[in-house]
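For reference, the structure is listed below as structure tokens.
The values are calculated or read from the model by the stated rules, or taken from the named source; none is laboratory data. These figures come from a predicted structure and were not determined experimentally. Backbone-built Cβ (ideal geometry, glycine too); neighbour counts: all protein chains shown.
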Amino acid sequence: MATKSYGIDFGTYAVKIYKIHQGVRFHQKSVIATRDKGNVIAIGEEAYSMIGKEPEYIHIDRPIQNGVIANFDTMLSLMNCISMDMGRDGDKLKGATFLVAVPTEVTDVEKKTFYDIIDSSIIRPKKIRITEKPLADAIGCGIDIANSNGSLVVDIGADTTEISVISQGGIVLSRLCPYGGYRFDEAIIAAVRRKYNLLIGHRTAENIKISLVDFSSDGTDVMFAYGRDFVSGLPREREINSELVNRAVAEPLQAILDAVKSVLERIPPEISADVYQGGIMLTGGSACMKGIADFISAELGLRVNIPEDPATTVARGLGRVMEEEKYEHLAKPLRQTYYEND
């Protein structure tokens, strides 16, 4: 692929951009803050830090929801800002070739939106190609997708979990489950409210998740959480323990495991044997939760493998598709993808 090439993973939680032969050059949250008539005042981490604190004239948006672009105009503004930010850091996106990861279980119209965002932006791309996200994910994990062994990849994203069975260089079966990291946060908010009558925000819930979730611990780890007392309406702090948080997160995680079981029940026996021998590959930001591999392994009776930096496996997989000739056929024009789906 061209020397000036970038791979883009439009994640619900974060946008990751890989520059050919140089690695991940951009990794920021998929959040944008605007004021007045859509004037952008912050993106990424800076915009995320405003959530729950913004005045009425500032609007915080997450333009990517459930793995697809939900607000075209807002996402276009975010993409333009990303291009300018990367340009200041020495990465000139204008006129480059792009490879975009798209979910398998979405409509052709939703796939085309990923294409149109780049095509309509200030980038003025030379060429845009797309790759199915589960294939890029598997390649980024180090799986040789071209061999005859079947692999099961479970990508726990922010809004959704994509469960994919891959063999012989293609996707045998794929399912999109409507549970992800945000469901874990909501479960923690509900548990803290029931236990302590304390109302906390999503950012606080995420911090609790990162700090306390540990399925291999004895549940005695603690941290202080701050929020509003649901009865008096006054600010309060409460000591939260990991036992409460583990129980809260286990419920939506069990729903994901039920979806994984339903996929396992549908795959051919020969691939079942491969999955039993090779185990499950777990990716996505939520794969970083402590003890999650042991929890899933105990529930499913299968080995669970977690790659290094599981949040960027898709972006790194796009990098290998761009860099290695044996994967070149996976980078397809949008029109070709339409025909294959007919």
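For SER242, the test of being assigned by TED's automatic domain parsing to the domain that holds SER164, among the small types (Gly, Ala, Ser), under 18 Å from MET289 (Cβ atoms) and surrounded by fewer than 19 Cβ atoms within 10 Å (Cβ to Cβ) is failed.
Of the residues ASP61, ASP116, the single one that is of a type in the set (D, E, K, R) and in contact with a helix residue (DSSP H, G or I) (Cβ under 6 Å, 6 or more places away or on another chain) is ASP61. For region 283-304, taking the residues that are among the polar types (S, T, N, Q) and crowded, with 18+ Cβ neighbours inside 10 Å, the one that is modelled with the highest pLDDT is identified as THR283. Each residue in region 308-333 was checked for being part of a loop (DSSP other than H, G, I, E, B), surrounded by fewer than 19 Cβ atoms within 10 Å (Cβ to Cβ) and touching a residue at least 40 places away in the same chain (Cβ under 8 Å), and 1 of them qualify.
Checked against the criterion of being surrounded by fewer than 18 Cβ atoms within 10 Å (Cβ to Cβ), within 21 Å of VAL15 (Cα to Cα), in contact with a Gly (Cβ under 8 Å, 6 or more places away or on another chain) and not acidic (Asp, Glu), region 225-238 contains not a single residue that satisfies it. Does region 125-134 contain any residue that is closer than 23 Å to HIS329 by Cα, among the acidic types (Asp, Glu) and in the same structural domain as PHE72 (by TED's automatic domain parsing)? Scanning region 125-134, I find at least one residue that is closer than 23 Å to HIS329 by Cα, among the acidic types (Asp, Glu) and in the same structural domain as PHE72 (by TED's automatic domain parsing), so the answer is yes.
In this structure, is LYS94 out of contact with any helix residue (DSSP H, G or I) (no Cβ under 7 Å at 6 or more places or on another chain), more than 25 Å from THR3 (Cα to Cα) and of a type in the set (Lys, Arg)? Spelling it out, it is not the case that LYS94 is out of contact with any helix residue (DSSP H, G or I) (no Cβ under 7 Å at 6 or more places or on another chain), more than 25 Å from THR3 (Cα to Cα) and of a type in the set (Lys, Arg).
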